[in-house]
1. Residues being farther than 15 Å from A:Ile198 by Cα, in contact with a Ser or Thr (Cβ under 8 Å, 6 or more places away or on another chain) and surrounded by fewer than 19 Cβ atoms within 10 Å (Cβ to Cβ): count how many of those fall in segment A:36-74.
2. Is it the case that C:Tyr135 is aromatic (Phe, Trp, Tyr), open to solvent by less than 10 Å² (accessible area, probe 1.4 Å), modelled with pLDDT of 85 or more and closer than 30 Å to C:Arg24 by Cα?
3. Which of the residues belonging to segment A:66-83 are in contact (Cβ under 8 Å) with a residue 12 or more places away in the chain, of a type outside the set (A, V, I, L, M) and more than 8 Å from chain B (Cβ to nearest Cβ)?
4. How many residues are at pLDDT 85 or above and either more than 11 Å from chain C (Cβ to nearest Cβ) or not in a helix (DSSP H, G or I) (or both) if we restrict to segment B:15-26?
5. Residues in segment A:50-67: is at least one modelled with pLDDT under 95 and part of a strand (DSSP E or B)?
6. Can you tell me which residue within segment B:71-88, out of those that are facing chain A (nearest Cβ under 9 Å) and charged (D, E, K, R), is farthest from C:Val213 (Cα to Cα)?
7. Within segment C:86-195, considering only helices (runs of 4 or more DSSP H) that don't extend past its boundaries, which have at least 3 residues that are away from chain B (no Cβ under 14 Å) and either under 21 Å from C:Ser73 (Cα atoms) or free of Cβ contacts under 8 Å to residues at least 40 places away in the same chain (or both)?
8. Please name all residue pairs, on different chains or six or more residues apart, with Cβ atoms under 6 Å, provided the first residue is in segment A:131-160 and is small (Gly, Ala, Ser) and the second residue is in a loop (DSSP other than H, G, I, E, B) and surrounded by 14 or more Cβ atoms within 10 Å (Cβ to Cβ).
Amino acid sequence: MTMAPETQPNGVASPPATIEAVNVSRWYGNVVAVNDVSFSLGPGITGLLGPNGAGKSTILHMAAGFLRPSEGTVRIDGEQAWQNPEMYANVGFVPEKEAVYSFLTGYQFVLLNAKLYGLSDPDGASRRAIRAVSMEAAQDRRLGGYSKGMKQRLKIAAAIVHDPQILLLDEPFNGTDPAQRLQMMDQLRRMADEGRTIVFSSHILDEVERLARNVLVIVAGRLVASGDFRAIRRLMTDRPHTFTVQSSDDRRLAVALVADESVFGVELGDEHLTVRTSQFADFTRAAPRIARAEGITIQELLPTDESLESVFSYLVKR
Amino acid sequence: MNEAIFALTLRQFAGQRRSLLLVGLALIPVALAVIFRLGEHLDQQEETANFLADIIVTAILPLACLIIGTSALGSEIEDGTAVYILAKPVPRRAIIAAKFAASVLIAAAFVVPATVVSGLIGLQGVPNEGIVAGFTIAVLVGVFAYTAVFILLSVATSRALLIGLAYVFIWEGLITELFSGTRYLSIRQYCLGIADSIASVSTQDFEASLGGPEAFLLAAGVAATAVFLAVRRLESFELTETD
Amino acid sequence: MTPVADAPAGAIYDIGYQRYEGARLGRRHAIWALYIHSLRSVFGIGRSLSSKVGPMGLAVIAFIPAIVRLGISAIVPEEIAPEEIGLFRPEGYYVMIEIVLAIFCAVVAPELVGRDQRTQTLTLYFSRALRRQDYALAKFAALTTGMLAITAIPQIMMFTGNSLAANNFFDYLQDKWTDLPAILGSAILLSCLISSISLVIAAQMPRRAYSTVGIIAAFLLTSIIAASIFEVVDQNIGRFVLLFSPFEVLEGLTLWFFDVAPDPDSQLAVANLPGAVYAIDAVLVTLLMLALLFRRYEKISP
């Protein structure tokens, strides 16, 4: 990701906003919620992925300075997050809870947040934030009458009203319909393209896969994988990978491939071959070589299970 | 103090149907004072002073402060909206100051007129002798002390109401009656002490066991300590998504 | 080369989910289950430690006089005749702990009914075999049972203590056995009265701070109001004013059950109503409160 300094309100380039966790643990009584987690995040969108109860929310709350790590530290832009309210000038947080001040209108709620951030033009900032989530039409209605998805978008407006470099969102897509979800994802992508650091938690793979290139996978309080999810996938060489191959002569290619030591299974379908291999990298090098030797043209070679779903279910079920 | 939080807190109480309970609490002593005036009285001043002590100081004042003090910040902590004021670059002392100021204002708006009006009704036709002034000042001091303590309870524990009730009715109501040594830890006794020292009625059987200046200093000390501790507590307040 | 399997395009696998095929126990069992669940939550059983502190602490306070009495009879059995200490007279016990009972209800009733409204779980109850009145009835029964536990049990403990402290155990029983029905009868009536009033208030105001203070105010202020009106109005009408104060009714019916005359200085003595009036009043108020409670749950949109 590149920075886009011109989008900052003061027009001055600042160093990339970062979130850093060093050996962070957190326990409640004798229940360990987060166990020795370390990571470092910069600009772009990071998905915090894990099943319910894995500790995602606890990690986000520690990053947002709402929980004291039992051990280790979480730093936002190099400063400790816990007991540091000044940092909120540069951080927006979208809680999972639906509760809002139901007696306020949408506009009043965002305006309240703008004032609490100490903005010099709270009215203008509120209108911009409401426009960014396309909630102008409902802004003068009371929050008590909003649907879940509308509340969710308005909560995001409230969290971005001060144009923060860091945005933390706890299960932001809960209760949103597919259209709202797409719209919110576009919004987050735009904000990430402007050089912001965005972290969101989710237990739904599809959301994380569509939005985040960088993932942190949390299972039972431990960080089990982090980084680009394709890279994570490639690291797991001890597990079979499946490719679909289309070529000028599938039957002949199948015979040739099955002789290679990186391949341990081939299925011939009506339109393509399905190849199973234990070595991702070896196979991607071997396949073109074998095809060339046989005089076959490969039209398409796709990894079929290169989805976060398989990464995730593999990690979770271990 | 933070003006936005102050205004928000006033909004949380104003225009809510449940605030009618507070209106009811304020109207009860006035209605009782009217009933009181209908009866025959040997010593109207003494009986009015007793009336103000028994009904306003021991019941209406702590109950109104209990509702307002424990829900000013406590209801936001309970329903999860506290995150919107905590995730802001606002010093914690400014949050407590705004909540405290708004609570005091609201509680005083209900209890002080109730005291003045019921006192004036009770004393109608006889010299005032500083009774109304004494109780008004006492109640105002009580509002500061009680709300400060109840706000502290609401940030320090999830059982603020229970502890508040037990403090008012078991500690101040039963234990302080039995063991007079505990009067130094009773806001009710501070209020009675202040009222007693200002009102110049010779025979009063509400038995203020504390002198006026002493009571005022104790009340101020309790309020200041409670506010200070509430700020300290909020500075290390942990906010979770779980209930 | 691996042959291509001619597997079907899609399949639903039986992974062992089972339909419930046992008996459906129906409405009566649902009421019973809700009653047991509510009774447990009256004392915070099955909830977090901090939910136990309130009800358990208040229950302990309600037991203190009985425990002290038992302690005295264990240490100095012959020194003090039980009747000589006013504190340990059974007809005074409920009056002595009435404020504790009120705080107990003020703390418990909002948890019992307010929580379901705040968290919007009423709809889950109403979509079961339960009818709306059943919900109200189960909650009322649970709170009343909880109240009975902290009123009748210490009294029975104290009765036991008094009888053990008496010179002759059997003479005491022969003399005082009528205390037992009085203990139970008055405990049942006052528990019904206090819990029904508390539940009506708690069901109206789901916010905890408001319902708790509302319940306390209902007990405390009504007795102040009734006493003030009593002072000023004509005695022929004024004597009935006391019937609007739960605490006066509590005292009146207890004295009637124990067949003891009220303290001559008290308003009860001045009012000089037949004791049975207070008992009847308690029953009528309870029924009225239950009717209000049923109405509330018929109208409420979960």
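The values are calculated or read from the model by the stated rules, or taken from the named source; none is laboratory data. Just so it is clear, the structure is predicted and the values come from calculations on it, not from any experiment. Glycine gets a Cβ as well: all are built from the backbone with ideal geometry, and neighbour counts include every protein chain shown. To get the accessible areas, we keep the full protein, side chains included, count just its heavy atoms, and leave off ligands, DNA and RNA. Shrake-Rupley method; radii C 1.70, N 1.55, O 1.52, S 1.80 Å.
1. The qualifying residues number 5.
2. For C:Tyr135, the condition - aromatic (Phe, Trp, Tyr), open to solvent by less than 10 Å² (accessible area, probe 1.4 Å), modelled with pLDDT of 85 or more and closer than 30 Å to C:Arg24 by Cα - is met.
3. A:Pro69, A:Ser70, A:Glu71, A:Gly72, A:Thr73, A:Arg75, A:Asp77, A:Gly78, A:Trp82
4. Here the count works out to 2.
5. No - not one qualifying residue is present in segment A:50-67.
6. Going through the qualifying residues, I end up with B:Lys88.
7. Values: elements: C:90-96, C:98-109, C:115-118, C:122-126, C:132-165, C:169-176.
By residue number, C:90-96, C:132-165, C:169-176.
8. Pairs that qualify, where the first residue is small (Gly, Ala, Ser) and the partner is in a loop (DSSP other than H, G, I, E, B) and surrounded by 14 or more Cβ atoms within 10 Å (Cβ to Cβ), are A:Gly144/A:Ser102; A:Gly149/A:Gly175; A:Gly149/A:Thr176; A:Ala157/A:Val133.
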